[in-house]
1. Between residues in segment 66-88 that are at pLDDT 75 or above and outside any strand (DSSP E or B) and residues that are of a type in the set (S, T, N, Q) and buried (at least 20 other Cβ atoms within 10 Å of the Cβ), which pairs lie under 6 Å by C-beta distance while being six or more apart or on different chains?
2. I need every pair where a residue in segment 41-61 that is on the phi > 0 side of the Ramachandran plot and at pLDDT 95 or above has its Cβ under 6 Å from the Cβ of a residue that is outside any helix (DSSP H, G or I) and basic (Lys, Arg), sequence separation at least 6 or different chains.
Amino acid sequence: MSDSSRQSNDITFSTCRQVVIIFHSQISEAFSHLEINTPQARNRLYRDVQHILGCIRSLPSDSLGKSGTPNSGQLDEFLVKRFGTEAG
């Protein structure tokens, strides 16, 4: 791999990581304001967060998060806080 190609990949991963951090921050902030009062709403929120996390994890990544999961972050922490450790 040439130096310019390697530098381009580094920029791509860096930019993608910045986008991932913004996604995690903005989405977890928005979901944290929801008041869930029924089991159906709680299940729906759980499924929606899992789906969003699947999309975020499918983005290019050059490293694993603390948990060993690609592109993990604040939304993963929200999921565990809201639904317990078995959810994460």
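The values are calculated or read from the model by the stated rules, or taken from the named source; none is laboratory data. None of these values were measured; they are calculated from a predicted model. Positions of Cβ are backbone-derived with ideal geometry, glycine not excepted, and every protein chain shown enters the neighbour counts.
1. These pairs meet every condition: Gln74/Ser28; Leu75/Ser28; Phe78/Ser28.
2. none
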